[in-house]
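Chemist: Questions regarding the structure given below will be posed in turn.
The values are calculated or read from the model by the stated rules, or taken from the named source; none is laboratory data. Every value quoted in this text rests on a predicted model; they were computed, and no experiment measured them. Using ideal geometry, Cβ is built from the backbone for each residue, glycine included, and neighbour counts are taken over all protein chains shown. Surface areas here come from the heavy atoms of the whole protein model, side chains and all, with no ligands, DNA or RNA. Shrake-Rupley method; radii C 1.70, N 1.55, O 1.52, S 1.80 Å.
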Amino acid sequence: MNAETPGRIVLLTASHRVAPGLLSWPAWRTLHAADRVLCADADHPQLPYLREAGVTVEIAAPAAEDLVDACAGGRTVLVLASGEGDRALTDGLARMAGSGRVAMPDLELLPGSYDLPGARLLDLVEVMDRIRRECPWSSRQTHEGLAKYGIEEAYELVEAIEDGDRDELREELGDVLLQVVFHARIAQEHEEEPFSVDDVAGTIVEKLIRRHPHVFGEERAETPEEVREHWLRTKADEKQRDSVTDGVPLGQPGLALAAKLASRVRNAGLDVALPAGEGIGYELLALAVRAEAAGVDPEAALRAAGRAYRDAIRAAEGHGGQ
């Protein structure tokens, strides 16, 4: 190998989630200054933009030893990394550097573009699109067929929150997100009223901005109570409901339904007596309304009591408390 000044190797990476050609200024400066620019992938999405900018790119996949030799005499060789990361090359350079027998060039990893927050959501959309096209099960699913999974995933998310398990929380949030992306992908195929995940995201963005005039507008809110007032007022303006019960899903669990109705009544300032009746249902209704008035979620309270009951059952069976 050449014993002259060892030079410099630059490994340029770029996020595939950022449009090709949108590179940082340090990346463009290094590309223009490099003695050689190499890329093993003839179909690399950055190549047309580099050539348009006057950067000469050689399609080559040198071994680590060849690359070190190419840097002799103080030359700078830039390698445009492929999507797979050129593992063989980087491993070879690491072995040479670790051997102590080679005067290694300076090694630099130069990110040409970075992922923005939420960039992995693009991967999810892409993966879901392919699954919808190629998976025998997923390609046949409908909104109606998936509805039960949405409910199940929501309950599993609640359980992860109540358990305080961070790993489970992250996983269950992903499962809930999958339901949103899956339904949006199915919605794209509707013949008369299609919409996409971008439409779904756009709708909630507009709603959030509209319902937070204290953040995006001129109104002020200093306390959570004032924020809630803004939210309820803008929501009422949007919905123009005839009854405070409009929009309350009757298919939700009974305690949650009772608490939601009680919340609507309280927020509206109505004086509505509880219906008179015999039986456990009316007793549970009264308890749920009382819990809501006290700021207690009756569903969560009952689940906590149910967990305690579950532990007592397991203890009686000799399994311990867990």
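Chemist: Can you count the Lys pairs in the chain with C-alpha separation below 19 Å, eight or more apart or on different chains? Please report the intermediate quantities before stating the final value.
Modeler: Numbers: 207/235; 207/239; 235/260; 239/260.
For the chain, the number of qualifying lysine pairs is 4.
Chemist: Evaluate the Debye formula for the range 1-153 with equal point scatterers sitting on the alpha carbons, no solvent, and hand back log10 of I(q)/I(0) at q = 0.10 Å⁻¹, in q order, two decimals.
Modeler: Rounded to two decimals, the profile gives -0.49.
Chemist: How many percent of all Cα-Cα pairs in the chain sit more than 34 Å apart?
Modeler: Values: 27897 of 51681 pairs.
Above the 34 Å cut-off, the chain has 54 percent of its Cα pairs.
Chemist: Give the Rg/Rh ratio for the range 201-264, taking Rg as the radius of gyration of the Cα atoms and Rh as the Kirkwood radius, to two decimals. Intermediate results must be reported in sequence, preceding the final value.
Modeler: Values: Rg = 13.9 Å, Rh = 13.4 Å.
With Rg and the Kirkwood Rh in hand, the quotient comes to 1.04.
Chemist: Could you derive backbone 3J(HN,Hα) for the range 215-231 from the dihedral phi with the Karplus parameters 6.51, -1.76 and 1.60 (θ = phi - 60°), listing whole Hz in sequence and x where the residue is Gly or Pro?
Modeler: Working through the residues one at a time gives 9, 9, x, 9, 6, 10, 8, 9, 10, x, 5, 5, 4, 4, 4, 4, 4 Hz.
Chemist: Now for a separate question. Largest first and in whole Å, give the semi-axes of the range 219-322's equivalent ellipsoid, each being the square root of 5 times a Cα gyration tensor eigenvalue.
Modeler: Values: eigenvalues 230, 75, 28 Å².
So the equivalent ellipsoid measures 34, 19, 12 Å along its semi-axes.
Chemist: How many angstrom lie between the Cα centre of the range 153-201 and the Cα centre of the range 29-43?
Modeler: Their Cα centres are 41 Å away from one another.
Chemist: Considering only protein heavy atoms, what per residue accessible area in square angstrom results for the chain with a 1.4 angstrom probe?
Modeler: Values: 21040 Å² over 322 residues.
It amounts to 65 Å² per residue over the chain.
Chemist: I've got another one for you. If you average 1/r over all unlike Cα pairs in the range 78-191 and invert the result, what Kirkwood radius do you get in angstrom?
Modeler: On the way: mean 1/r = 0.0547 Å⁻¹.
Across the range 78-191, the inverse of the average 1/r is 18.3 Å.
Chemist: Say each of residue 287 and residue 52 gets a label point 7 Å from the Cα, pointing the same way as Cα to Cβ; how far apart are those two points in nm?
Modeler: 6.8 nm
Chemist: For a quick check of your reading of the filter: which trypsin sites (Lys or Arg not before Pro) in the range 57-109 sit in a DSSP loop and have no more than 16 other Cβ atoms within 10 Å? Numbers along the way, then the final one.
Modeler: Details: sites: 75, 87, 95, 101; in loops: 75, 101.
When the trypsin sites (Lys or Arg not before Pro) of the range 57-109 are filtered for loop state and at most 16 Cβ neighbours within 10 Å, 101 remain.
Chemist: Share of the chain's accessible area from carbon and sulfur, percent, 1.4 Å? Present the calculation step by step, with values, prior to reporting the outcome.
Modeler: On the way: 11600 of 21040 Å².
Its accessible area is 55 percent carbon and sulfur atoms.
Chemist: What do you get for Rg/Rh of the range 99-258 when both radii come from the Cα atoms and Rh is the Kirkwood radius?
Modeler: Working: Rg = 22.3 Å, Rh = 20.2 Å.
Using only Cα positions, Rg/Rh for the range 99-258 is 1.10.
Chemist: Suppose only helical runs count, i.e. DSSP H with n ≥ 4. What mean residue ellipticity at 222 nm does that imply for the chain under -39500 (n - 2.57) per run, divided by all residues and rounded to the nearest 500 deg cm²/dmol? All intermediate terms of the calculation are to be shown ahead of the outcome.
Modeler: On the way: 13 runs with 175 residues, N = 322.
Taken over the chain, the calculation gives -17500 deg cm²/dmol.
Chemist: Could you tell me which GluC sites (Glu not before Pro) in the range 1-92 are loop residues by DSSP with no more than 10 other beta carbons within 10 angstrom of their beta carbon? Numbers along the way, then the final one.
Modeler: Details: sites: 4, 52, 58, 65, 84; in loops: 4, 84.
Hits after loop and neighbour filter: 84.
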